[in-house]
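Reading through the structure tokens given below for one structure.
The values are calculated or read from the model by the stated rules, or taken from the named source; none is laboratory data. Remember, it's a predicted structure, so these values are computed and weren't measured experimentally. So basically every Cβ, Gly included, is an ideal-geometry build from the backbone, and we count neighbours across all protein chains shown.
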Amino acid sequence: MSTATIALLGQPNSGKSTLFNALTGLRQHVGNWPGKTVEKKEGSFTHNGMEYRVADLPGSYSLSANSDEEVITRDYIASGDADVVCILADSSQLQRSLFMLADYAGIDVPCFLLLNMSDVAKDQGKTIDAKAIEERLGIPVIPFSATDTRSYDVFYEAMGRAINNKTRLNLNDLKKQYESIKGYQEICDLIPENALPGYSSMWAAVKVIEGDRVVSAKLKNAVGAETFAKIEEIKKNTQGAVATGGCKFAWIDDVLDKAVVSGEKKVTLSRLDRIYTSRVWGKPAVILTVLLGLIASFIPALPLMGVGSAVIAIKEPVMNALYSAGCPEVIVLVIGDVIIQSFSYIFKMLGFVFGVTLVFGLLEEAGVMARISYVFDNTMGKLGLQGKSVMPFLVSFGCTMGGAAGARVIDNWGQKVLTIALAWAVPCGAAWATIPMLASIFFGPGAVGVIVAILLTMLVHMWITAKVFGGKLVKVEDRYGMIMELPPYHKPKWGSLFRYVFGRTKETFVRVTKVILLVCGLFWLLSYSPSGNTSVLYRIGVAIEPVTRFFGMPWQLFLSYIASAVGKEGAIGVISALYNGGSLGTAFVDSMNGAARAANFNEMMLANVTKPEALAFIFAMTFNMPCVVALAATYQETHSAKWTARIVLYYTVMSLILAFIAYHIGLLIW
Amino acid sequence: MERLLELLRDGHARTLELLAMELDTDVEDVKRQIEYLENMGVIKRVALKPKGCAQCSGCSGKGHPEGSNTCKGCLPDGGFKNMGEMWEVV
């Protein structure tokens, strides 16, 4: 029985494996290519009394020397072990997938072309004239669907034709394309035909221009060092892979010209993308989207906030019950003022974490987040940063630590440090849980205005920070260009979105509970004054109050501000502990009586804190050092204690300045 | 393709659609050029797919709860998936 060997060549996902399995069934075995860890799949089948061996070549993008797979593939083909090479292309994207054919052109082995997945192309409304393509290429070309076993007759027919007629690619048009490259012809003339067995001089010349190291080394041996030095000299003036790639694509377009008719052709942006990518409206549209997102996140937050209020409602009854059961005062106070109180905040905060994560997760899933980072890319450039810096910033809206760690994608150290320094200015998830809560207590619907002010301040802050640190960290020539493939808008996958949101909320719950209970408990302890004496904190606080007043913060708020450097989650707990725990201190008790009896954070705050003070605190806390974990991450990424310390100091000073400004603006308004 | 690279070097971000418009071609063409340039090592893909702290050297996988890539306090798994692709000129 006579035999022939057929090699299957195609890019990944071209349907090669499907074809291989369908042809060989169980008659296949898997080994390794000699000396390599690359998988070698071989099999066999019989058709019309003839036995065929099939080699499933590794899937690769092209036949360059970018990977072992590619070198093995082209060497195997050029060795002549296969009688015919079956090249697979994806009919649904011929423009792209014919690249393998263009890269193959010049290897002197008979071949034929399968336009696989022709059913998909048909569904897309494309009509492909395989006959016209066949005429231009000079090899059998057939529309095919590897998954449709009934269509295999045409495959066998084309294979037979290719083997019997030894059909080879018509290279004339491609040659003409290459001749337009400056230096190509000279290089080609220096390479004798068959200098590399199995490869034409055209193919070798193109690979040299592309900087293919494997081909260059072989060629140096074949033509001698002197000739090769000439080739290298000419090569220097070519545009390299960019030029040859352009030729290959131009050739593909000529081959496909009028042979492929597709339904839609013109580039159009969706209406939404036209707004987002507009120079004028892009930024306002993005800012509006973020704002609407923040406002919308209040809605899913409400139920959990309700739980928070319900928890605080049981505080009085529980405390009374414990008192009447004869429980010691300290324990009652710990349970009431620390534990129950803390859980009330924890639930309220979780409400916001849940809402913000859900809404922003939704925006991300739907593809809007990508547009946001796209729109702000040019702004990043103005800050002296790369476009990709925007990604750590976006992550920082969730968690500054994640942002600092995410800055790892930036390969330039100076830009990385600057990115982290700026990412600190982005209010994190914990801040987003605290700001709306405090703002809505004091300013009602005006809370939205506070959020807008915070966002604007954030931008200004980042701009100033970039000016302050940028000069030292970033040189102008460090900047890079970027393309972004915006993902298509799509309906969110609700299941995975909710899993993500619940996972995040649960994780926050665990972390926040620890921080709040700890910080709240510690500060309560320090402010606890059982014997009627004033507490430690009270004395310290009152002593420094003249200074802190300058920034618009009474001592309780100032200590909360200090606590917010440990973790923003803790700030609210501290406020509460200070205003509550002090109720036993003599000096404090009078001012606190009404509020303490109300056992309600909102009213307690309103009774003790003025609006300008609240505003000052919100700004001070938001732009304070994000938290200890972020500090650690910053040190880890920058590897510089000096820069980490500089950033901490800078943020402390800036947050106090911002508090001062906010306070005085507040005084003017109220 | 030279023009595409020129546009990439000017430091502005563009979508594939905008690139296609500026180069007077279609998105498929831009996509295949990007694919080619990426394969030839002229441009490279920027990868930020935070899988928890899978890449962070600080905890090096210790202390992760079972079945999770994330240590407590890190970014949770599954954040930032549909963020589009970014490339930069090498």
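Name the helices (runs of 4 or more DSSP H) wholly within the stretch A:286-335 that hold at least 1 residues that are farther than 30 Å from residue A:379 by Cβ and more than 48 Å from the chain's Cα centre (by Cα)? Before the answer, list the steps.
Working: elements: A:298-313, A:315-324, A:329-333.
In the stretch A:286-335, A:315-324, A:329-333 are the helices (runs of 4 or more DSSP H) which contain 1 or more residues that are farther than 30 Å from residue A:379 by Cβ and more than 48 Å from the chain's Cα centre (by Cα).
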- Do the conditions hold for residue A:238, that is, is it β-branched (Val, Ile, Thr), more than 26 Å from the chain's Cα centre (by Cα), surrounded by fewer than 18 Cβ atoms within 10 Å (Cβ to Cβ) and farther than 30 Å from residue A:342 by Cβ? no
- Message: Just to be sure I understand the filter: pairs with C-beta atoms under 7 Å, separated by 6 or more residues or on different chains, first member in the stretch A:262-286 and modelled with pLDDT of 80 or more, second member not in a helix (DSSP H, G or I). Which pairs pass?
- Response: A:275/A:281
- Message: Given the options A:25, A:15, A:31, A:35, name the one that is surrounded by fewer than 20 Cβ atoms within 10 Å (Cβ to Cβ) and within 22 Å of residue A:144 (Cα to Cα).
- Response: A:25
- Given the residues A:88, A:63, which is the only one that is touching a residue at least 12 places away in the same chain (Cβ under 8 Å), away from every other protein chain (no Cβ under 14 Å) and closer than 30 Å to residue A:122 by Cβ? A:88
- Segments classed as helices (runs of 4 or more DSSP H), wholly inside the stretch A:167-265, with at least 1 members that are within 14 Å of chain B (Cβ to nearest Cβ): A:172-179, A:201-209, A:213-223, A:241-256
- Item | Qualifying residues in the stretch A:391-428 (those that are in a helix (DSSP H, G or I) and either of a type in the set (Val, Ile, Thr) or not assigned by TED's automatic domain parsing to the domain that holds residue A:460 (or both)) - the one farthest from the chain's Cα centre (by Cα) | A:417
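Kindly indicate whether residue A:354 is part of a helix (DSSP H, G or I), modelled with pLDDT of 80 or more, farther than 25 Å from residue A:525 by Cβ and assigned by TED's automatic domain parsing to the domain that holds residue A:508.
The answer is yes for residue A:354.
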- Message: So residue A:135 passes all but one of these: (1) touching a helix residue (DSSP H, G or I) at 6+ places or on another chain (Cβ under 9 Å); (2) part of a helix (DSSP H, G or I); (3) among the acidic types (Asp, Glu). Which condition number does it fail?
- Response: (1)
- Of all residues in the stretch A:184-209, how many are within 39 Å of the chain's Cα centre (by Cα) and either among the aliphatic types (A, V, I, L, M) or over 20 Å from residue A:76 (Cβ atoms) (or both)? 3
- Query: Which ones in the stretch B:1-39 are farther than 15 Å from residue A:96 by Cα, at the interface with another protein chain (Cβ under 7 Å from one of its Cβ atoms) and not in a helix (DSSP H, G or I)?
  - Reply: B:10, B:11, B:12, B:13, B:14, B:15
- Task: Those residues that are touching a residue at least 24 places away in the same chain (Cβ under 8 Å) and surrounded by fewer than 19 Cβ atoms within 10 Å (Cβ to Cβ), I need them from the stretch A:312-342; list them, please.
- Result: A:314, A:316, A:329, A:330, A:334, A:339
